[in-house]
Amino acid sequence: MYEIRIHGRGGQGAVLAGGILATALVLEGKYVVAVPSFGFERRGAPVASYLRFDEREIRQMTNIYHPDCVLCIDPTVARAVNVFEGVKDGAVLVQTTAKPLGDFQLAPQIATVGLCDAVSIALDIFKRSITNTIMLGAFARTTGLVSLASLQAAIEKSDFRDAGLKQNMDALARGYEATEVHQIVRRAAA
Amino acid sequence: MSAILKPKSKLIVCDGNEAAAWAVSLADVDMVAVYPITPQSSLVEYLAKFIADGRLGAEIVDVEGEHSVLSVLQGACLAGARTYTASCGPGLAFMFEPYLRTPGLRLPLVMTIVTRDTLTPQSVWGGHQDAMSVREVGWVQMYCESVQEVLDTTIMAYRIAEHRDVMLPVNICHDGNYLSFGAARCELPDQGEVRDFLGAKDVNWHVALDPQRPMAVDPLTGGAGGPGPSTFVRYRKGQCSGMQNSLEVISEVHEDWGRRFGRYHAPLIESYRMEGADYAMITIGSMTGAAKDAVDEARARGEKVGLLKVKTYRPFPAQALADALAQVKAAGVVDRSVSFGWNCGPLFQDVIAAMYYAPRRIPAMSFIGGLAGADLTISHFERVIGRIKELARDGHAAETVWLNEKD
């Protein structure tokens, strides 16, 4: 089983991103459960959603406390919440940012980092900082756990229409292309 | 549950609220009346969309409050319509007057309770307190574990409600938050096959608002003289019989569903890994998935624990539960709500009452968790299993354990 925690802010579509990713994974024959977090969600406030997938049926309908991957679709949410809380050893971080890798204080468990300047891409495509589909592209590029074709098919199945559909398809592709993937090599403690 | 995808079925990803709306659409419902309330709102929004898209040929009435919701549906049902609504929490409370009256009218209404904890303390999140507060009113109540079970059970509810041995309204309860908004892979059955499964609508043969066969609906009965008292008793006894009959009908309908669609959900009580179990954990609703995973982990460590899931809560399958507990030395019941009168969970109270039907009495304990949206995880159930194991060993039951108190 692979567990993903998506961090964002209310209005950016973290829950919808979970739904699209779930559909894409089901198209690839996986079993998926996606649960949004429940709190005092409102526009701009930190929100999270959870997604787990497996080759076999998943029974637990619960939040995720020890993710294999943290997907941050907002550049500043890490200031408000500890996005590394409970991450597993060897975990993946997929982060929206315009900064270089050296500017990040990573948790020691993080082994792979995908960085994508999704805000700039979103402002270009949507004229607003809605980063969810861009960061799904970044997730696919960083982890290779879902194909771009399945994510495209999932977006086509969602409620996007006409111009909105085209924009989100562009967003997905540009997120995929613009992502830099870094493997973190740590020296053994002296 | 096991399944091979039926050739005509479709695989979708949806949450429990959307699954319920799909079921209503497949069941050819004629009349939907709604008033939105968290966490039910998206369910009725899906219905409104399905109707606007022409997928469901029902009339939707967006009324001014839940009291009117059920009043509208009573009228529609008496006129021969297959009906549906969904509510929860404060909405259900406001609906109480017509809600109380529906079973006595023997109307086969189907209504989802997207369960929510009750006020106060102020909260908008899930918990079974709303549905549990109306458990003795005469509606059949079934609790679901998964998104797929929501979809399948909502369709089955119509066949149960309209069965001539039952003729009672049915609540399908699914957990606010974890099931209402939790999305999963889900199999959507074929419309034609669902029509064959449900058969012709049969809602008002016994009581009707119909100019072709005028009758007095719900005339005055009771009092202390004349034919009133005995008439009243006959109505009440009939209602109780309908409830008891539903146990068999629920079982038959689930069996037929399994035959036709390949998914066999346990109709009353599901026994999970109870073979050779020394003690049992009893669950209800969406918590069950994590609880089963905890049982698997405990079994892998050699612990002799099994699980019983209560699907049908009203009428309470007392004999089935007593039989299922016959071999174990102790039981623990996890409730997502509170019985204020007994200082324990309401399901716990039902379980110990059912044990009166068992050949011997075993120690039992009440656990309460998952209130107001709190998460119940595998580690909570590990704690529960550990405590029941102790109980099986020493027989000393403690006071109710509150699982999220120190989270």
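The values are calculated or read from the model by the stated rules, or taken from the named source; none is laboratory data. Note that the structure is a prediction, hence the values are computed from the model and not measured. All Cβ positions, glycine included, derive from the backbone under ideal geometry; neighbour counts span all protein chains shown.
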Handout entry: Hits in the stretch B:113-130 (condition: at positive phi and surrounded by fewer than 24 Cβ atoms within 10 Å (Cβ to Cβ))
Key = none
Exercise for the section: Filter the stretch B:338-374 for residues that are surrounded by fewer than 24 Cβ atoms within 10 Å (Cβ to Cβ) and in a loop (DSSP other than H, G, I, E, B) and give the result. Expected result: B:VAL338, B:PHE340, B:GLY341, B:TRP342, B:ASN343, B:ALA358, B:PRO359, B:ARG360, B:ARG361, B:ILE362, B:PRO363, B:ALA374
Problem - Residues within the stretch B:42-93 that are assigned to a strand (DSSP E or B) and either within 18 Å of B:ILE113 (Cβ to Cβ) or in contact (Cβ under 8 Å) with a residue 60 or more places away in the chain (or both), tallied - result: 5
Practice task
Show the residue pairs that are 6+ apart or on different chains and have beta-carbon atoms under 9 Å apart, the first residue being within the stretch B:388-407 and free of Cβ contacts under 8 Å to residues at least 12 places away in the same chain and more than 19 Å from B:MET287 (Cα to Cα), the second being loosely packed, with under 15 Cβ neighbours inside 10 Å and of a type outside the set (Val, Ile, Thr).
Solution key: B:GLU390/B:HIS396
Practice task
For residues that are away from chain A (no Cβ under 13 Å) and of a type in the set (Phe, Trp, Tyr), tally how many sit in the stretch B:369-387.
Solution key: 0
Exercise for the section: Kindly indicate the residue of the stretch B:359-378 that is more than 26 Å from the chain's Cα centre (by Cα) and more than 15 Å from B:CYS344 (Cβ to Cβ) and also modelled with the lowest pLDDT among those meeting that condition. Expected result: B:PRO359
Completion exercise
If we ask which residues in the stretch B:289-309 are over 14 Å from the mean Cα position of the chain (by Cα) and within 12 Å of another protein chain (Cβ to nearest Cβ), their number turns out to be 10
Exercise for the section: Report the residue count in the stretch A:136-149 for those that are surrounded by fewer than 19 Cβ atoms within 10 Å (Cβ to Cβ) and out of contact with any strand residue (DSSP E or B) (no Cβ under 8 Å at 6 or more places or on another chain). Expected result: 4
Practice task
Tell me, please, whether a residue that is of a type in the set (Lys, Arg) and in contact (Cβ under 8 Å) with a residue 12 or more places away in the chain can be found in the stretch B:353-372.
Solution key: no
Fill in the blank from the handout: Those strands (runs of 3 or more DSSP E) completely within the stretch B:139-194 that have 1 or more residues that are in contact (Cβ under 8 Å) with a residue 12 or more places away in the chain and among the hydroxyl-bearing types (Ser, Thr, Tyr) are B:140-143
Fill in the blank from the handout: Of those in the stretch A:50-88 that are of a type in the set (Ser, Thr, Tyr) and within 14 Å of chain B (Cβ to nearest Cβ), the residue nearest to B:SER180 (Cα to Cα) is A:THR62
